[in-house]
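Readers should treat all values here as calculations from the given coordinates under stated rules, not as data from a laboratory. These numbers were taken from a predicted model, which means no experiment stands behind them. For neighbour counting, all protein chains shown are included, and Cβ atoms are generated from backbone atoms with ideal geometry for every residue, glycine included.
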Amino acid sequence: MTQKNAIVWFRQDLRLADNPALNAALDAGHAVIPVYILDDENAAEWKLGGATRWWLHQSLTSLQDDLREHLIIRQGDAASVIQALIEDTGAVAVYWNRCYEPWRIKRDEAIKSGLKDNGIDVESFDGSMLWEPWQVLKDDETPYRVFTPYYRKGCAKSEPRKPLDRPDRITYGDHDAVMGHVDDLALMPDIQWYDGMAAFWDVGEDAAHKRLQDFLEGGLKGYKDDRNRPDMENVSRMSPYLRHGEISPNQVWHIAKEYAAANNIPDKDIDHYCSELGWREFSYYLLFHFPKITWDNLQDKFDDFPWDESDSEELKRWQDGQTGIPIVDAGMRQLYETGWMHNRVRMIVGSLLVKNLLIHWHKGEEWFWDTLVDADLASNSASWQWVAGSGADAAPYFRIFNPLLQGEKFDPNGDYVRRYVPELKDMPKEFIHKPWEAGPLILQSAGVKLGEDYPEPIVDLKESRERALDALQSTKQSD
Ligand SMILES: Cc1cc2nc3c(=O)[nH]c(=O)nc-3n(C[C@H](O)[C@H](O)[C@H](O)COP(=O)(O)OP(=O)(O)OC[C@H]3O[C@@H](n4cnc5c(N)ncnc54)[C@H](O)[C@@H]3O)c2cc1C
C-alpha cells in the first residue's frame, strides 16, 4: 500500500524529539511533508522582533539539516500557503502542535474548520506546555490569577506528560512543490548587530540538549540560592530554546528531575527549577485566559497612571545602557550584545524604567520584544505587567527596587558590571555600583571621569522613588 502524504506544520516546535504532531503523522502511517511558514501577515503588531528572527534563521537551518533538506519553507498567510501546499503535494492530512497567542488561536481555528470542510484530516496536539491553559482551573471553574495556587493545582492534577522519543526513521512524501530556502525569509538583521549573539549561542535541537546538560552538571546544584546572581552560572538559559521549541518543557522537566534524582541534587534546587518552568506555564495561562495582557493593564486602575511621556532621550539612554547606574547598564548591554538578560537584572532594569523614570511599560515590552532571543508574547507581556504592578500576582507598585542595593546584593564583587561595562573595570568593589559616591582620587585611579567616560546617574534614586509613590497614590485615589 502506498503511503499518503501528510503535512507536518512546524511552528514553535522546531525539533524532532518529543514532537507529538510529527509522531502522530508517522503513527498514522503517513509520509511526512514538513513545512515552516513565516506568517507575518496574521501576526500583525506581534511580528517577530529582530533577535528572534536571527535565532529563527539559525534554528530553521539546523532543523533543515535534521530533516535531511525536506523542510518546505514559505512565508505569507498560513491558510493560503497550506491550501496551496495541499494542492501541490496531494496531502490528505495536516498535523501541528498548538500555539496559544490570541492571533494564532484565531487563525488556527479558521484553518482547521476550513480544511475539515474540504475533507482534509486535521489534528493538533499539545507540544509545548506542561499543562494546557484550560486544564488547570479553580474549583469554581474560573482561572487563577495567583501563581502559587495555580502551580500547586497543576502539580496535584497530573505529572507533566513524559516526552516522546525522537522517531527512529521518518518517511518523507514525494511531491513537486518548490522547496523554498531559509534565506528567502530574510530573517537576518540588516545591521551587523548579531556577532555577539552568534558568539554567545549555539542554536538548534542538539544545542538545546547540550546547554541543558551543561546546566544540570554545573548549575542546578545551588540553583535556589544562586539563580539571582547574574555574576554566576546558576541559571539554565533554556528560554530561547523553549521559545522556539528546540526543546519542550516536558523534556526539560523530566530530564532535570531524572538528573537530580541520580545525582543527589537537593530537593530545594530541583523543585525551584521546576517551579520556574511553572512561571512560563503561568504566563501562557494568563495570556490564554486574559488575552488583553499583551497591551492593556490587567488591573484597570492603572489605566489612568500618570506616565511621563515627555522625554524620549531617557528611553534612549536606558536602551543604550547609558543610564549611569551600573547594574542597569550592564543588563541593557548584555541584552543588546547577547540577546538575553539575566532574570534578576530584567526586574531591576524594568523597575528603573517604569518606576524611577515613569516610562510606560509598553516601551520596555517593545524594546525587549525586538532585542531578546527569547522574546515571547506570553512571558514578556506577563512579566512587564508584573514589573509595573498592573498584572496578575504582580509585585506591588510601591515595591520599588533600589538598583544600587540590588547590585551590591546580587553582584557583590561587581564582576557582572565589569564584564559588560568595561569603563568601570578598575573601580573598587565598594564603589562599582555607585561610582557617583566615589571621591576624585578613587575615580582618577580607576581611570573614570564621570560625565565623560561614564554617565552621571540618569535620575536621583531617592527623589524619583518619591515621585513614583506619588504617582501611585494618584491611581489609588481614582480607584
Ligand atoms: C521584564 C521581563 C521580561 C521578560 N521577558 C521574557 C520573554 O520575553 N521570554 C521569556 O522566556 N522570559 C521572559 N522573562 C522571564 C525570565 O526573565 C526568563 O525566562 C529567564 O531569565 C530566562 O533565563 P533562564 O532560561 O536562564 O531561566 P532559568 O532560571 O534557568 O529558568 C528556567 C526556565 O523557566 C522559565 N522562567 C524562569 N523565570 C521565568 C519568569 N519569571 N517568567 C516566565 N518564565 C520563566 C523560562 O522558560 C526559563 O527558561 C521576562 C522577565 C522580565 C522581568
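The set of residues from the range 112-148 being in a loop (DSSP other than H, G, I, E, B) and in contact with a Gly (Cβ under 8 Å, 6 or more places away or on another chain) comprises GLY127, SER128, LEU130, TRP131, VAL136. Could you grab me the full set of residues in the range 305-324 that are within 16 Å of the ligand (Cβ to nearest atom) and on the phi > 0 side of the Ramachandran plot? Answer for the range 305-324, where residues must be within 16 Å of the ligand (Cβ to nearest atom) and on the phi > 0 side of the Ramachandran plot: just GLY321.
Does the range 210-223 contain any residue that is within 30 Å of ASP415 (Cα to Cα) and of a type in the set (Ser, Thr, Tyr)? Before you say what the answer is, go through the steps one by one.
Applying the first criterion (within 30 Å of ASP415 (Cα to Cα)) to the range 210-223 yields 210-223.
Remaining after also requiring of a type in the set (Ser, Thr, Tyr): 223.
Yes, some residue in the range 210-223 is within 30 Å of ASP415 (Cα to Cα) and of a type in the set (Ser, Thr, Tyr).
Quick one: how many residues across the range 383-401 are part of a loop (DSSP other than H, G, I, E, B) and not basic (Lys, Arg)? Quick ask: steps written out before the conclusion?
Quick first cut of the range 383-401, residues part of a loop (DSSP other than H, G, I, E, B) only: 389-401.
If we keep only those that are not basic (Lys, Arg) as well, we get 389-398, 400-401.
Number satisfying all stated conditions: 12.
If the condition is being within 18 Å of HIS254 (Cα to Cα) and assigned to a loop (DSSP other than H, G, I, E, B), then the range 211-236 contributes GLY219, LEU220, LYS221, VAL235, SER236. Restricting attention to the range 25-50, the residues being within 29 Å of the chain's Cα centre (by Cα), surrounded by 20 or more Cβ atoms within 10 Å (Cβ to Cβ) and of a type in the set (A, V, I, L, M) number 5.
For the range 402-474, which helices (runs of 4 or more DSSP H) that fit wholly inside it have 1 or more residues that are touching a residue at least 60 places away in the same chain (Cβ under 8 Å)? Spell out the reasoning first.
Working: elements: 403-410, 415-420, 440-445.
Hits in the range 402-474: 403-410, 415-420.
Identify the residue in the range 325-340 that is aliphatic (A, V, I, L, M) and away from the ligand (no atom under 13 Å from the Cβ) and, among all such residues, is surrounded by the fewest Cβ atoms within 10 Å (Cβ to Cβ). Residue satisfying both the conditions and the ranking: ILE325.
Checking the conditions here, which among GLY173, GLY204 is over 23 Å from the mean Cα position of the chain (by Cα), surrounded by 13 or more Cβ atoms within 10 Å (Cβ to Cβ) and either under 30 Å from THR89 (Cα atoms) or not small (Gly, Ala, Ser) (or both)?
Working: GLY204 fails: over 23 Å from the mean Cα position of the chain (by Cα).
None of the others qualify; the one that does is GLY173.
Taking residues in the range 231-246 that are closer than 15 Å to LYS221 by Cα, and partners anywhere that are within 11 Å of the ligand (Cβ to nearest atom), the pairs with Cβ atoms closer than 6 Å and at least 6 places apart or on different chains are MET232/ASP226; GLU233/GLY219; ASN234/GLY219; ASN234/TYR223; ASN234/ASP226; ASN234/ARG227; VAL235/ARG227; SER236/PHE215. Which residue is nearest to the ligand (Cβ to nearest atom), if the candidates are limited to the range 341-382 and must be acidic (Asp, Glu) and part of a helix (DSSP H, G or I)? Among them, the one singled out is GLU365. Flag not set for GLN64, criterion: farther than 30 Å from MET197 by Cβ and part of a helix (DSSP H, G or I).
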